[in-house]
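Everything below concerns the one structure shown next.
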Amino acid sequence: MLLHGFANSSHYFRHLMPKLAGRFHLIAPDLPSFGFTTIEEGAGYQFTFAGLTETIQGFVNELSLRRFAMYVFDYGAPVSFNLAVANPDSVTNADVRFLDTGHFALETNVDDFASEILKLTVNA
C-alpha cells in the first residue's frame, strides 16, 4: 500500500507503480479530501491522524487485506504507524520516506509511540 502526504494524492506514485507492478500487488488510495476523494460538508469528518487511520483501516477491512507492506511519506507515515500498531500481524513493513514530526507529535504521546514501535521491531 502506498500512502501519500499533504497536498498530494495517489497520482504522486504514477512513476513508481509501473516499476513495482511486476513484483507486487499495489494499492494507492487517496486520503480523504485529497486526489479524487471528497468529504461532504458538514459530515463531521475528523481530519486528524486518528481519523485518517480509521478511514484507511476501513479501506483495509473492506478489501480484506491480511498482510501488506507500506511505502509512505508525510501524512501517510503516522497512518502507517497507527495501522502497524493496530494490526501487528498484518503490516509486514513500513518504508517511511518523510515524517512531519511536528504535526504527528501534536496528536501522539511520543513515549507510547516509541514503546509500540520498539515492540514491533523486537517481534519482527
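With R₀ fixed at 25 Å, the C-beta to C-beta distance from LYS19 to SER64 puts the FRET efficiency at about 0.40. Kindly state, to the nearest 0.05, the FRET efficiency for THR92 paired with GLN46, given R0 = 35 Å and r defined as their beta-carbon distance. Working from the Cβ atoms, E equals 0.80.
For ASP74, the residues whose modelled amide H falls within less than 5 Å of its own, excluding neighbours fewer than 5 places apart on the same chain, are ARG97, PHE98, LEU99, ASP100. Phi angles of the stretch 30-47 translate, via the Karplus equation with coefficients 6.51, -1.76, 1.60 and θ = phi - 60°, into HN-Hα couplings of 8, 5, x, 6, 10, x, 9, 9, 9, 10, 4, 4, x, 6, x, 4, 8, 7 Hz per residue; Gly and Pro are given as x.
Here, each number is a calculation from the coordinates, and none is a lab measurement. Since we're looking at a predicted model, the values are computed, not measured. Reconstructed Cβ throughout: ideal geometry from the backbone, glycine too, with neighbour counts over all protein chains shown.
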